[in-house]
Amino acid sequence: MTVLVLVDAPTKADDRRQKLFSSPEAKLLLKALEREDVPYKVASLYPSPIQTKKLGKKDQAKFHDYLPHIAKKHKCQTVILVGAMPFQALTGKGGVTKANARPIEKDGLVYIPCVSPYAATHDPKVGWQLKVVAMRAREVNEFGGIPFEQDLNSIMVKDKKTIEQLLWALVGELSFDIETSCLYPWQTHDDKGNEAPAQIKMIGFGTLKEQFHILTPNHPDCPFTEKEYFDLLEDIDRAITRNQVRLVTHNGKFDFLWIMAHYGFPWYEHQHYDTMLAHYLLDENSRHGLKELAQTLCGAPDWDVDKDTKKGATPDLEKFVRYHAHDLYYTIALKNKLVKMMNAEPRVKAVYDHILLPCSSLFTEAEYDGVYIDVSKFDEAENYLRNELKQCEDRLKQWGSIEWGSPKQLAKLLFEDLGIDPPVMTEKGNPSTSESALNQIDHPCVGDLIKYRGAKQQLSFFIEGWKPFLHRRKINGEWHYFLHPSFKLHGTVTGRLSCEHPNLQQVPRDKRIRSLITAPPGWTLIECDLSQIELRIAAALAEERNMIEAFVRKIDVHWLTAIREIERGGGLKELVIDTAKTWKQLKKIEYSEAIEVLLEMGPDAAAEINAEWKEYRKKAKAINFGYLYGMWWKKFKLYARDNYGVEVTDEQAGASRTAFFELYPDYPEWHKRQKRLARRDGYIETLSGRKRRLPDAMSSFDSPARGAAERQAINSPVQSLANEINLMAALQLRNEYGRDKVRLSATVHDAILACVKNEYVGEVTLRLLKIMERPELMDVLDINLLVPIEAEGKVGPWGAGVSLKKWKESLRVQG
DNA sequence: TGATAGTGCGCG
DNA sequence: AAAGCGCGCACTATCA
């Protein structure tokens, strides 16, 4: 049957119909269809050019009704909607790029949205998108509708017989999947402020042979009363527990979290396999969606449907169930495939078995518990920031009345109206108004500007930004507030976790904001972090003798770098000698001797004598990380200028880099080794066995892309392992203490935040520090480091906690 | 008008 | 030819 290619309504100014037939780009879709052997006809959405590029509401409605008529006239059942306008006519919405090649069924016709081929002039990706459209058109045309899996055996659980059938089937290995009204289990309103409660619409279990669907009372077609439904859930829960059912999921943390939040069943304890996490370890560079993976790895059809159907919000129940059945079926099919793939990589499998899969359950629990927000301080902080913002605005008024948050308006005011020379340009050549640029401007407004921005950003990030996620819960008759950030275990290419809604890992160190996060009544928040873990790991991997020695001798390496850097230039004579003299209570001391004294006393003692030392250590920290991971001296120059207002000459900057590698002479060899391995294999391995695939490193010629891959080959094994040690410790903490004593709140790359029942704070903190210094899983994964690992603990609200010792003292004082 | 890309900044 | 790595979020500019 012929497929109809329906082109944009042409405009008077820009006759796309003309272009579709004339320009080579516009012919791309037609060529793709020819290559797929799809017979087609071309038609225009509207016979004569219209006045505007945008469709008004009236036009939209007209075209919408017109669509089936065109199809009928041309005797076509499949219609390719080319460009934004026909898509908008059908759906009433924009977003054709996202909908590209995803068929939509309506009035017995199948519409295939397609991006405008004309876009190929400036976007090479479009060529591929058009090809996918052509392939989809062929499939739809051959199938006579949207293709779906033929092998499915959907069973709707609705009566005594089907309930029996389901309960009998709950043995062995089953896929598990739910459909929900939204993504956040504690949502009450949507982003437009309309009431939109979080609801589970359907839950399901499946195998390759049969797929069971249970509509919840939130769905209009649910065959059960509330009571019947919850009785059924109890029966299912008993069967899962009694039969030790092994649940297979795709991103099961999502489903299990909802089940926990809405029903309270800890089904996450039965998680047996997760296809998303498995695929993440097998290919961290690509995407991990179930549909995409099933299509590429199992040859599945594209069974995606529109959002409303997915949410169970359309009357087309059959479509909803079929969608769910595909999810259940292909979760198992995909698992079978991934198991085979992973068996070929036993070390990767060990990371999956021992870290990633257990973390899925661990973080389901952590997200369920959430982090506790001190709401009284929340209001206090909000008032403070609003006041601060107003004061800055009042003071800024004298320089002009503009939107101070707009970089464009600000740039105009500063560099045109006030005639200041722009010190920094953005990449596009506009005068920059970034903080480092402002710092270089000598004008009385900069202080207020920076303050204004800071307050405004904190307000919108942490006050306004958090509000939609605040979850209110009554405990002992009083309201308490929690955030439930979502941790993506597959969020980064290195194995770190990412965090969103909101992102807890970017909360500023500012006490006012950070200490909003604490523990609920009866519990205390603790934070334990791995001190200087990345440097320790880098030193161990590179077998860097000087850095290892520093760690063994418990010298702060940032401090070591700082002092050696100062010594090299023979600078800061007065400060060095003064500080050493005060510390040793001497009348006189030589410079070289004073340097050794400083090394010995450490940064904290030095800072007590002169606060300037803090800055020098901070600077050295940036140097350590920068040079370690391949920073070039030019960047160091910029860094010194922007952060310390120090103009360093090229020679000085170059010398600083040379000095770093003289201080730590074993790093260059390690850099070379990592590059060599990445180039030879196309990937590098972390000590745990995790792989970081870097195809760009295999390039035979030197290019920026290869350079980037090589630097990742140096950084990844370090960053990966640091995070893995942290996760291993978090897992062990969970294994050693029950939920009645300890609850994980969050991890922040090299730190663990947990709530501890008050009576156990001392014991648990000490134990956690011990665990972090040597998690048992390191032995299981056969990881040995040449450097000692050290951990540090703080007790109390986040960012405002005190050492365990001080905390115990304060308890004694209080009695 | 609304989705996408770029910038800037918070964190490790 | 260009040279720290890894994120998420708010805001603006840009394009169709």
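So here's what we get for this one:
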| quantity | calculated |
| --- | --- |
| Fraction in percent of alpha-carbon pairs per bin - 20 Å, chain A | 12, 37, 38, 12, 1, 0 |
| P(r) of segment A:536-628 over all Cα-Cα pairs, binned every 10 Å from zero, in whole percent | 17, 49, 27, 7, 0 |
| Kirkwood Rh in Å, taken over all unlike Cα pairs in segment A:483-570 | 16.7 |
| Centre separation in Å (Cα based) which lies between segment A:665-681 and segment A:199-217 | 51 |
| Segment A:LYS27-A:ASN153, extension gain: residue separation times 0.36 nm, minus the distance between their alpha carbons | 41.2 nm |
| Listed residues A:PHE205, A:LEU687, A:VAL82: farthest to the positive end of the dipole of chain A (Cβ charges) | A:VAL82 |
| Relative contact order (percent, whole number), chain A, Cα cutoff 8 Å, 6+ residue spacing | 10 |
| Entries of A:LYS488/A:LYS618; A:LYS192/A:LYS311; A:LYS621/A:LYS808; A:LYS161/A:LYS307; A:LYS75/A:LYS310; A:LYS397/A:LYS456 with Cα pairs more than 20 Å apart | A:LYS488/A:LYS618; A:LYS621/A:LYS808; A:LYS161/A:LYS307; A:LYS75/A:LYS310 |
| Modelled FRET efficiency - R0 30 Å, A:THR2 with A:ASP308, Cβ distances, 0.05 increments | 0.50 |
| For segment A:99-179, alpha-carbon Rg over 2.2 N^0.38 Å | 1.68 |
| Pairs of Cα atoms farther than 19 Å apart, segment A:407-537, % | 68 |
| Intensity falloff of segment A:239-371 expressed as log10 I(q)/I(0), Debye formula with alpha-carbon point scatterers, at q = 0.10, 0.13, 0.14, 0.16 Å⁻¹ | -0.36, -0.62, -0.72, -0.92 |
| Dipole-positive endmost among A:ILE563, A:VAL110, A:ALA437 within chain A (Cβ charges, Cα centre) | A:VAL110 |
| Over chain A: helical MRE at 222 nm, DSSP H runs n ≥ 4 each giving -39500 (n - 2.57), nearest 500 | -15500 deg cm²/dmol |
| Per-selection metrics, segment A:563-617 (Cα): Rg and Dmax in Å | 9.9, 26 |
| Cα Rg, Dmax (largest Cα-Cα span) when computed across segment A:665-815, Å | 20.1, 70 |
| Net lengthening on full extension, A:LYS73/A:ILE609 (0.36 nm per residue, minus Cα-Cα) | 184.1 nm |
| Dipole magnitude of segment A:678-815 about its Cα centre (Cβ charges: Lys, Arg +1; Asp, Glu -1), debye to nearest 20 | 360 |
| Computed label-point distance, nm, for sites A:GLU590 and A:ASP235 using a 7 Å Cα→Cβ extension | 9.0 |
| Segment A:325-444: translational diffusion in µm²/s, Stokes-Einstein, Kirkwood Rh over Cα pairs, 4 °C, 1.567 mPa s | 63 |
| Coil-residue trypsin sites (Lys or Arg not before Pro) of segment A:721-778, DSSP, other Cβ within 10 Å capped at 14 | A:ARG739 |
| 19 Å tail of the calculated P(r), segment A:598-738, as % of Cα pairs | 65 |
| FRET efficiency estimate (nearest 0.05) - Cβ-Cβ, A:ASP283 to A:GLU574, R0 45 angstrom | 0.20 |
| Segment A:162-241: trypsin sites (Lys or Arg not before Pro) falling in loop per DSSP and having at most 15 other Cβ within 10 Å | A:LYS192, A:LYS209 |
| Chymotrypsin sites (Phe, Trp or Tyr not before Pro) restricted to DSSP loop in segment A:686-760 with at most 16 other C-beta within 10 Å | A:PHE701 |
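Read-outs throughout are calculated quantities, based only on the coordinates presented, and are distinct from any laboratory measurement. Remember, predicted model here, so these are calculated numbers, not experimental data. Using ideal geometry, Cβ is built from the backbone for each residue, glycine included, and neighbour counts are taken over all protein chains shown.
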